[in-house]
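Beneath this line is the structure, given in structure tokens, with notes to follow.
The values are calculated or read from the model by the stated rules, or taken from the named source; none is laboratory data. Since the model is a prediction, treat every value here as computed from it, not as a measurement. Here the Cβ is made from the backbone with ideal geometry for all residues, glycine too, and neighbour counts use every protein chain on show. In case anyone asks, the SASA skips ligands and DNA or RNA and just uses the protein heavy atoms, side chains included. Shrake-Rupley method; radii C 1.70, N 1.55, O 1.52, S 1.80 Å.
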Amino acid sequence: EMGRSIGLLLKDEARECINGFLAAVRKEDAEMFADEKLDAAWEAVAPHTDPRFLEELKGVAEGASIPLDVLRRTHMIPVVSPWACSGLAVWGSMSKMGGLYQIRNLDFMTGAGLQKYPVIVVYLPDNGIPHACATFAGYVGANSGMNAHGICLSEKGNSPADGYPYDLSGTHFSSLFRRLLYDARSLRDVENTLRGTRWVKSY
């Protein structure tokens, strides 16, 4: 239901964003981002992915009239790709007002145009904790977010190209973050979930 609502509200933007992202990465590397490579990545991570994430993907695809396989493939781009990224957090005397500031620098290729479709999605699930994600139109995964219990997440990864192809039989952080935002009420909850998760790549 939430995914369908997002798809309907952002139909044009989601279609442009998703199709543009897929086309842009294929222009850079047609082999790495071929259908069969992205589909194989999906088959590897799907068994380790929260069912709520899978359902939301279906909803977005339906609401925005994006073929589900295209939406899945686009969500596999950061799964198969070599990436490096950065972030920071400051608090206390290091911030002017004494509060916590958390910054995530998403080092995706700007040529893909994702920055043209920024979205802050606020989720109010029937079952789970309300949470918000800074993302892109049509993209369900979370690179950063926060929930109503004060859990704030961002990631820093370094998956160099010399590790490609990666072992993808596990959970990618972008779907795991959504699970944490849905369920984590404390740092202990986050730690327990992370310890019980089979990771992929070097996150």
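So is L181 part of a helix (DSSP H, G or I), modelled with pLDDT under 95 and under 27 Å from E43 (Cα atoms) or not?
For L181, the condition - part of a helix (DSSP H, G or I), modelled with pLDDT under 95 and under 27 Å from E43 (Cα atoms) - is not met.
Okay, residues lined up against (1) assigned to a helix (DSSP H, G or I); (2) among the small types (G, A, S):
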{"residue": "I6", "(1), (2)": "yes, no"}
{"residue": "E16", "(1), (2)": "yes, no"}
{"residue": "A24", "(1), (2)": "yes, yes"}
{"residue": "M32", "(1), (2)": "no, no"}
{"residue": "A41", "(1), (2)": "yes, yes"}
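Mind listing whichever residues of the stretch 151-203 are out of contact with any Gly (no Cβ under 7 Å at 6 or more places or on another chain) and polar (S, T, N, Q)?
Within the stretch 151-203, N158, S159, S169, T171, S186, N192, T193, T197 qualify.
Might you check whether a residue that is under 22 Å from A89 (Cα atoms), open to solvent by 50 Å² or more (accessible area, probe 1.4 Å) and in contact (Cβ under 8 Å) with a residue 40 or more places away in the chain occurs anywhere in the stretch 118-127?
Checked the stretch 118-127: no residue is under 22 Å from A89 (Cα atoms), open to solvent by 50 Å² or more (accessible area, probe 1.4 Å) and in contact (Cβ under 8 Å) with a residue 40 or more places away in the chain.
Mind checking which residues of the stretch 50-66 are in contact (Cβ under 8 Å) with a residue 12 or more places away in the chain and part of a helix (DSSP H, G or I)?
Scanning the stretch 50-66 gives R52, F53, E55, E56, L57, K58, G59, V60, A61, E62, G63, A64.
May I ask you to list the residues in the stretch 154-196 that are open to solvent by 20 Å² or more (accessible area, probe 1.4 Å) and hydroxyl-bearing (S, T, Y)?
The answer is S154, Y164, Y166, S169, S186, T193.
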